[in-house]
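To start, the structure itself, in C-alpha cells.
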Amino acid sequence: MSIALNLDHACAVRPAALGRPSLIGLGKPALAEALVGAGIAEREAKMRASQVWNWLYVNGVTDFGQMSNVAKPVRQLLADRFVLDRPEIVSEQVSSDGTRKWLFRFRDPANPNYPPVEVETVYIPEEDRGTLCVSSQVGCTLTCSFCHTGTQRLVRNLSAGEILGQVLMARERLGDFPGGVRPNDGGLVPGGESRAITNVVMMGMGEPLYNYENVKQALLIAQAGDGMSISRRRITLSTSGVVPFIEPTGREIDVMLAISLHAVNDDLRDVLVPINKKYPLAALLEACRNYPGLSNARRITFEYVMLDGINDSDADARELVRLLANIPAKINLIPFNPWPGSNYGTSPSARIERFADIVNKAGYASPVRTPRGRDIFAACGQLKSETERLSKRDREALAG
Ligand code: SAH
Ligand code: SF4
C-alpha cells in the first residue's frame, strides 16, 4: 500500500521569490563575498557569513527573520537581496515499507520566466541507518538500457543549491532540524542514531560526474563539520564510469565511491551502460585501482544489476570475481527493478542466490539489495520526472 499526501497547504509549498539569488549552495568564502556585495562591511562579513551558515545548515531556517543573533537591519538587508528557497513539494509518497519519495520542483530565481524543473528524492529508513538518495541532474544524458531515468532526455544540471535543497527539505520533512517534528508514522529514526538521515547517496536521477562542480560544491557543504556535518564516510557517489572524474572525486570530495558495473565484458557493457564505449572496462578498473584513499577499510562498491538471462550466469559471477581481484571492493547485487516499458526481466531468486554464493565464496560479502519502495516506484533506476527539455525556439522566446 502507498499513501500519497497532497501537500498544497501553504507551509510546505513555498513559491520562489523570483529575481533574487539564493544563498543556499555558496561555500563560506563565497557567502561572505555575497554579503559584502549586499553592502555589509568587509570586516563584518566573515562573522556574518558564519552566523548565516549556522542558521542555514545547523538550524535549517528558511527565513532571515529567524536569524536572531544577526542585527535586525542586516537581516532586512539580506531579505531584500537574497532568498533561502528550498524546493516546492509536488508530492510526497510513503511506501508500506517506510520508504518515502518526494517529487521536488525547482524554479530558477534568476530566470523568473523559465519553466520549473522536477526531480525525485528518496528516503530509505533501515535498522541501522537512514539513507537519502539524492538527484544530481534532471534526467540523464546517458542511456543505460535498463534504467528508467535514461529514457528521459536531460533537461539540465542541478545547481549546488538545488542538490543541497533536496537534503534540507528532506531533513525538514523528517523533523531532523532542532525543534523539528518527526512524521507521525514511527520507525524513521534508525537505532542508536539521533538523526533520521544518517547517510547520503548520489544515486538518484542523473550522472553526478557529468555535473562535477556542482556535486562537489554540494557535498563539501554537506560534510562541513560546522554545518550539516554528514561524515564523508557516509556519503557515497555512484557513477556509471566517467573515468576522468574518478580521481578528482577521491582527491577533492573524498567520499565513498560506487561504480555501476553491471557487466563483466565490454560487448555486453557497451549495450547496458553505453558510456563503456568511451571508457571501457580496462580504463574504468584502472581508475578504480588508483582511487585516492582506497584501502581495505575504504572499499569501492561495485553495483551489479541482476538481469534475467543477460548477465547472471555462473561464468559471469566467476569473471566478476576475477576482474575485481586486486581492488578492495564490495559487491552489491541489485535485483532489476522493472518499470513500464522496460525490456528486461529480474533474475529469479534462486539464480541470484547462486550468483551471490560464488561471489561470497571468493571472499566478498555481497549483500543482495532488497528493493525498497517498489509500490511507489522509488526503487533504484525507477526515478523519472515528467519535465521535458524545451525546444530551442521556446528557450529563445523565454530568454527574450
Ligand atoms: N548515474 C549514476 C547514479 C544513479 S543510478 C549511476 O549510474 O551510477 C543508481 C544505481 O541504480 C546505478 O547502479 C544504476 O545502474 C542502478 N539502476 C538503474 N536502473 C535500475 C533498475 N531498473 N533496476 C535496478 N537498478 C537500476
Ligand atoms: Fe544515467 Fe545512471 Fe540511469 Fe545510466 S544508470 S541512465 S548513468 S542515471
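Some notes on this structure:
- Residue in region 113-134 that is open to solvent by 20 Å² or more (accessible area, probe 1.4 Å), closer than 22 Å to Ser238 by Cα, in contact with a helix residue (DSSP H, G or I) (Cβ under 7 Å, 6 or more places away or on another chain) and of a type outside the set (A, V, I, L, M) present: no
- Candidate set from region 224-242 (those that are hydrophobic (A, V, I, L, M, F, W, C) and assigned to a strand (DSSP E or B)); member that is farthest from ligand 1 (Cβ to nearest atom): Ile235
- Scanning region 354-373 for residues that are in a helix (DSSP H, G or I) and either without any contact (Cβ under 8 Å) to a residue 12 or more places away in the chain or exposed (fewer than 14 other Cβ atoms within 10 Å of the Cβ) (or both) turns up Asp357, Asn360, Lys361.
- Which listed residue is hydrophobic (A, V, I, L, M, F, W, C), in contact (Cβ under 8 Å) with a residue 24 or more places away in the chain, within 15 Å of ligand 2 (Cβ to nearest atom) and within 21 Å of Met203 (Cα to Cα), from Met256, Met306: Met306
- Residue pairs meeting the criteria (Cβ under 8 Å; at least 6 apart or on separate chains; first in contact (Cβ under 8 Å) with a residue 60 or more places away in the chain, in region 279-303; second loosely packed, with under 15 Cβ neighbours inside 10 Å): Arg298/Arg233
- Residue match in region 208-215 (condition: farther than 19 Å from Gly60 by Cα, open to solvent by 20 Å² or more (accessible area, probe 1.4 Å), within 16 Å of ligand 1 (Cβ to nearest atom) and in a strand (DSSP E or B)): no
- Within region 105-151, being in contact with a Gly (Cβ under 9 Å, 6 or more places away or on another chain), within 12 Å of ligand 1 (Cβ to nearest atom) and assigned to a loop (DSSP other than H, G, I, E, B) holds for Val134, Ser135, Ser136, Gly139, Cys140, Thr141, Leu142, Thr143, Cys144, Phe146, Cys147, His148.
- Among the residues of region 358-379, those identified as within 16 Å of ligand 2 (Cβ to nearest atom), touching a strand residue (DSSP E or B) at 6+ places or on another chain (Cβ under 7 Å) and within 16 Å of Gln93 (Cβ to Cβ) are Pro371, Ala378.
- Of the numbered criteria (1) open to solvent by 10 Å² or more (accessible area, probe 1.4 Å); (2) more than 16 Å from ligand 1 (Cβ to nearest atom); (3) assigned to a strand (DSSP E or B), the one Trp102 fails is (1).
- Any hit, region 53-66, residues being in a helix (DSSP H, G or I), of a type in the set (S, T, N, Q), open to solvent by 20 Å² or more (accessible area, probe 1.4 Å) and closer than 26 Å to Leu158 by Cα: yes
- Take the conditions (1) in a loop (DSSP other than H, G, I, E, B); (2) touching a Ser or Thr at 6+ places or on another chain (Cβ under 8 Å); (3) of a type in the set (Ser, Thr, Tyr); Thr301 misses just one of them, which is (1).
- Among the candidates Phe377, Phe336, the residue that is under 25 Å from the mean Cα position of the chain (by Cα), open to solvent by less than 30 Å² (accessible area, probe 1.4 Å) and aromatic (Phe, Trp, Tyr) is uniquely Phe336.
- Here the condition is being of a type outside the set (Ser, Thr, Tyr), buried (at least 16 other Cβ atoms within 10 Å of the Cβ) and modelled with pLDDT of 95 or more; of Leu31, Leu84, it holds for Leu31 alone.
- Some residue of region 132-153 being away from ligand 2 (no atom under 15 Å from the Cβ) and either among the hydrophobic types (A, V, I, L, M, F, W, C) or over 18 Å from the mean Cα position of the chain (by Cα) (or both): yes
- Of the set (1) within 15 Å of ligand 1 (Cβ to nearest atom); (2) within 21 Å of Ile352 (Cα to Cα); (3) open to solvent by 30 Å² or more (accessible area, probe 1.4 Å), all apply to Tyr304 but (3).
- Of all residues in region 58-76, those that are not assigned by TED's automatic domain parsing to the domain that holds Val167 have Cβ atoms under 7 Å from Cβ atoms of residues that are in a loop (DSSP other than H, G, I, E, B) and not aliphatic (A, V, I, L, M), 6 or more apart or on another chain, in Val58/Gly227; Asn59/Phe177; Asn59/Pro178; Gly60/Phe177; Thr62/Arg86.
- For region 169-205, a residue qualifies if it is part of a loop (DSSP other than H, G, I, E, B), within 16 Å of ligand 2 (Cβ to nearest atom) and open to solvent by less than 20 Å² (accessible area, probe 1.4 Å), and the qualifying residues are Gly204, Met205.
The values are calculated or read from the model by the stated rules, or taken from the named source; none is laboratory data. Small disclaimer: the values here were computed from a predicted structure and weren't measured. Cβ atoms come from the backbone with ideal geometry, glycine included; neighbour counts cover every protein chain shown. Ligands, DNA and RNA are stripped out before the accessible areas are found, and what is left, the full protein with its side chains, is counted by its heavy atoms. Shrake-Rupley method; radii C 1.70, N 1.55, O 1.52, S 1.80 Å.
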